[in-house]
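The values are calculated or read from the model by the stated rules, or taken from the named source; none is laboratory data. For clarity, every value in this text was computed on a predicted model and none was experimentally measured. Neighbour counts are summed over all protein chains in view; Cβ atoms, including those assigned to glycine, are modelled from backbone coordinates with ideal geometry. These area figures cover heavy atoms from the full protein model, side chains too; ligands, DNA and RNA do not enter into them. Shrake-Rupley method; radii C 1.70, N 1.55, O 1.52, S 1.80 Å.
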Amino acid sequence: MIHCIWLKFMGNVSENLPCALLGVPYGAYREGWPADGIRRALMAEVAAVARAEAGVELTEEDMALRNRIVYNQDPASRPSTLQDLDRGRQTEVGLFAGAVMRLGEKHGIPTPVSAVMLQGIRALEAKNAGTIPGLPEAARG
């Protein structure tokens, strides 16, 4: 059961966050495409943290499973984190990327891609809230 929880967490982190930051649907995830490279880097960070924190091995087979799941999504579907941004709501980025970063720091594991997701999505939240100085009204979410 713990393995399944980490596998689901890996999917949430690696699939929701890049779509939200880039403002793209699941169709951006295709073998060899730039967004898919970001997704795969996030999967690797989560796998390293899962191993250190819980002794859970997220294997190449697990990552291949996530690939099949995301590649078979309706390409027009938008993950919940992107939907939150679209609606001007706060996201769960702290629960996803923030947790990866905290656990990475605890275990001495670099998590630079998660850090970009956290800061980038928080910047979009600030944009939506209109709290960025100098931001024209028309640019707000």
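From the list Arg66, Arg89, Arg39, which one is open to solvent by 50 Å² or more (accessible area, probe 1.4 Å), of a type in the set (Lys, Arg) and modelled with pLDDT of 95 or more?
Arg89
May I ask you to list the residues in segment 70-86 that are of a type in the set (S, T, N, Q) and either more than 18 Å from Lys127 (Cα to Cα) or surrounded by fewer than 15 Cβ atoms within 10 Å (Cβ to Cβ) (or both)?
Asn72, Gln73, Ser77, Ser80
Of the numbered conditions (1) open to solvent by less than 60 Å² (accessible area, probe 1.4 Å); (2) over 16 Å from the mean Cα position of the chain (by Cα); (3) of a type in the set (Asp, Glu), Glu53 fails exactly one; give the number of that condition.
Among (1) open to solvent by less than 60 Å² (accessible area, probe 1.4 Å); (2) over 16 Å from the mean Cα position of the chain (by Cα); (3) of a type in the set (Asp, Glu), the lone unmet condition for Glu53 is (1).
Which of the helices (runs of 4 or more DSSP H) contained wholly in segment 42-141 include at least 1 residues that are of a type in the set (Asp, Glu) and either without any contact (Cβ under 8 Å) to a residue 40 or more places away in the chain or at positive phi (or both)?
Qualifying helices (runs of 4 or more DSSP H): 60-71, 99-107.
Write out, first by first residue and then by second, each pair whose Cβ atoms fall under 7 Å of each other, whose residues are 6+ apart or on separate chains, and whose first residue, in segment 1-12, is in contact (Cβ under 8 Å) with a residue 24 or more places away in the chain while the second is among the acidic types (Asp, Glu).
Going by the 7 Å Cβ cut-off, the qualifying pairs are Leu7/Asp62.
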